[in-house]
Amino acid sequence: MNATDPGLKDRLFLADTHEVINVSRELTDFNLYEQDKALQDAVQREGAAAAHESLMDFGQRIGTAEYLDLGVQANRFGPELDTHDRFGNRVDLVKFHPAYHALMTTSIENGLHSSPWTEPGPGAHVARAARFYLHSQVDAGHGCPITMTFAAVPSLRTTPALAALWEPKITARVYDPRNVPDAQKAGLTIGMAMTEKQGGSDVRANTTRAHPIGIEGPGQAYELVGHKFFVSAPMCDAFLVLAQAPGGLSCFLLPRWRPDGSKNPLQVLRLKRKMGNVSNASSETELRGALAWMVGEEGRGVRTIIEMVAMTRFDCMIGSSAGQRAAVAQALHHCSIRSAFGAVLNQQPLMRNVLADLVLEHEGSLALTMRMARAIDHRNDRHEDLLVRLVTAVGKYWICKRTPNHAYESMECIGGSGVMEDSPFPRLFRESPVNAIWEGSGNVQCLDVLRAMQKTPEVVQVYFAELAKARGANAALDRWTASLQAEFKDLSDIEYRARDIVDRMALAIQAALLVQHAPAVVADAFCASRLDDQAGGGHRNYGTLPRGVDCAAIIERATPQA
Ligand SMILES: Cc1cc2nc3c(=O)[nH]c(=O)nc-3n(C[C@H](O)[C@H](O)[C@H](O)COP(=O)(O)OP(=O)(O)OC[C@H]3O[C@@H](n4cnc5c(N)ncnc54)[C@H](O)[C@@H]3O)c2cc1C
């Protein structure tokens, strides 16, 4: 610095261009569980009150700035595939950022992949759902192998000999990402390979063949030849795979390594270049005589793997409810700080209408998800079992499908900065359609609802019995239910009308749950905005709540205090 330069002081002053004021700050260092009243209420109500303290600890741990950054890193530095090592040996090795491994470690050490199987009992699925929901808000992508590992257990149990061998390590709370044979590991992860190029939803079109090596039948060894067009988390230790056996489409357990320590030829051709779900690796593969053991009965592959699919669909409900919470929490936080035209955004009538409406969406999603968790906890009760059969498809369809627009509208609450890559919203937005598309896309879910009704007509009575628990509490809901009942009397064109019916079923059961259990301000606003038959019913853009809604109370209940 030249002390004799007379203009220096003025020039430095001019360089000080402006003060940074009226801007938001990161939503970090808060307890994700404690700040989520809707979740706390649901955990209590649906039978997992005993998990409250451990959920408090978990929510605190994963809400630190340092921990939340793991999700950012795992998505910024996505997985990379090495098909071969530098010497030319085939390795099929996917390398992940350390943040991904840290997230996997947390999930597995906390039993997100297994706790209801290792510690069954009242509230087991509810507690696990709450934990999975919280951790999904840090990163959704790594949840894919966690879900598949969790969901594989019911399918594997159809073949007790295989379950006895594999289940202890699948459910162990040990994460071991090494690319070594399963015999050398204390904990294993499981993937799922159904989809082929010529057909994903219609797995009957699968062309991958399974050739028996010796004796045929459940638990016996086969060699699989063919391809799978989508195999997520290809570093899993084994996969449940569908292939055509001599007796028809069957389910198989296919390990990455053969028992003799050689590589099993499930070869990874490339990783998909996905718009979202970046931390998770999804691959295209070929099977070149890969060893696998038959799970369940020959020719009953869909029946066997559907046990797994039912659980993965439920996790889609949890994951999308979590996506909604993550998005609306960011919007609420921002709008509690930022002012425009002389007032904080969350004090302005129109923004209140938008925020409260976004909160209502999430309240409905979470209430339905946690009710299903309770039903899964009580599948020995026929009512609960049939509810799972029907309403998982309803909820998977509706909650996942509502999430992209919810993410977008939450992004708009932030304004221009929400669009920037260093905001959380591009990740939330790009993740938002994935749950709707995989594990049975929207139409497939609606057709599954119809299938459940045709195969087991009792599910319809069970569904309406569930709605009847809220009868008389809200006139709009009563009218909505009556009109839905009338709909079921006319089954013509039912496939064409399936989305219309399932939309209405979803809104009715969400409303019925909120009417029974949520604060009246929430339940009344939900019914008034979604079930108003005079306005045509359904829901339009966010921010169209009718007059008389106590938006301030709805917003206050949901706003996280960081
Ligand atoms: C990120 C990602 C990861 C994935 N990971 C895996 C994995 O690990 N393992 C795996 O097996 N798969 C995986 N999948 C594949 C996924 O499950 C399929 O993409 C999905 O099941 C749909 O199959 P498809 O893509 O062949 O579409 P299609 O089956 O061709 O469906 C196309 C559209 O047609 C609709 N449709 C289908 N049938 C009907 C009908 N009868 N009436 C009306 N509409 C209909 C569907 O709803 C869909 O909208 C993954 C997908 C994604 C996006």
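The values are calculated or read from the model by the stated rules, or taken from the named source; none is laboratory data. Predicted, not measured: the structure shown is a model, and the values here were computed from it. With ideal geometry, Cβ positions are generated from the backbone for all residues, glycine too; neighbour counts draw on all protein chains shown. Accessible surface is based on the protein model in full, side chains and every heavy atom, while ligands, DNA and RNA are left aside. Shrake-Rupley method; radii C 1.70, N 1.55, O 1.52, S 1.80 Å.
Remarks
- Scanning region 251-282 for residues that are in a loop (DSSP other than H, G, I, E, B), within 12 Å of Asp182 (Cβ to Cβ), open to solvent by less than 40 Å² (accessible area, probe 1.4 Å) and not charged (D, E, K, R) yields Gly261, Asn264.
- Any hit, region 404-426, residues being surrounded by 15 or more Cβ atoms within 10 Å (Cβ to Cβ), in contact (Cβ under 8 Å) with a residue 12 or more places away in the chain and within 16 Å of the ligand (Cβ to nearest atom): yes
- Put simply, of Arg325, Arg300 the only residue that is away from the ligand (no atom under 16 Å from the Cβ), in contact (Cβ under 8 Å) with a residue 40 or more places away in the chain, out of contact with any Ser or Thr (no Cβ under 6 Å at 6 or more places or on another chain) and open to solvent by less than 20 Å² (accessible area, probe 1.4 Å) is Arg325.
- Long-range neighbours under 6 Å by Cβ, at least six apart or interchain, first residue of a type in the set (Ser, Thr, Tyr) within region 551-562, second surrounded by 17 or more Cβ atoms within 10 Å (Cβ to Cβ): Thr559/Leu332; Thr559/Ser336
- Selection from region 17-44 of residues that are of a type in the set (Ser, Thr, Tyr) and touching a residue at least 60 places away in the same chain (Cβ under 8 Å): Ser24, Thr28, Tyr33
- Members of region 427-468 that are in a helix (DSSP H, G or I), open to solvent by less than 50 Å² (accessible area, probe 1.4 Å) and away from the ligand (no atom under 15 Å from the Cβ): Leu428, Ala452, Met453, Val459, Val460, Val462, Tyr463, Phe464, Ala465, Glu466, Leu467, Ala468
- Residue ranges of strands (runs of 3 or more DSSP E) in region 177-250 with at least 1 members open to solvent by 30 Å² or more (accessible area, probe 1.4 Å): 209-212, 221-232, 238-245
- For region 162-205, the set of residues classified as within 13 Å of the ligand (Cβ to nearest atom) and more than 22 Å from Met311 (Cα to Cα) consists of Lys197, Gln198, Ala205, listed by residue number.
- Filtered residues of region 223-258 (kept if within 15 Å of the ligand (Cβ to nearest atom) and either aromatic (Phe, Trp, Tyr) or at pLDDT below 95 (or both)): Phe229, Phe230, Phe239, Phe252
- Test result for Ala130, over 30 Å from Gln330 (Cα atoms) and under 20 Å from the mean Cα position of the chain (by Cα): no
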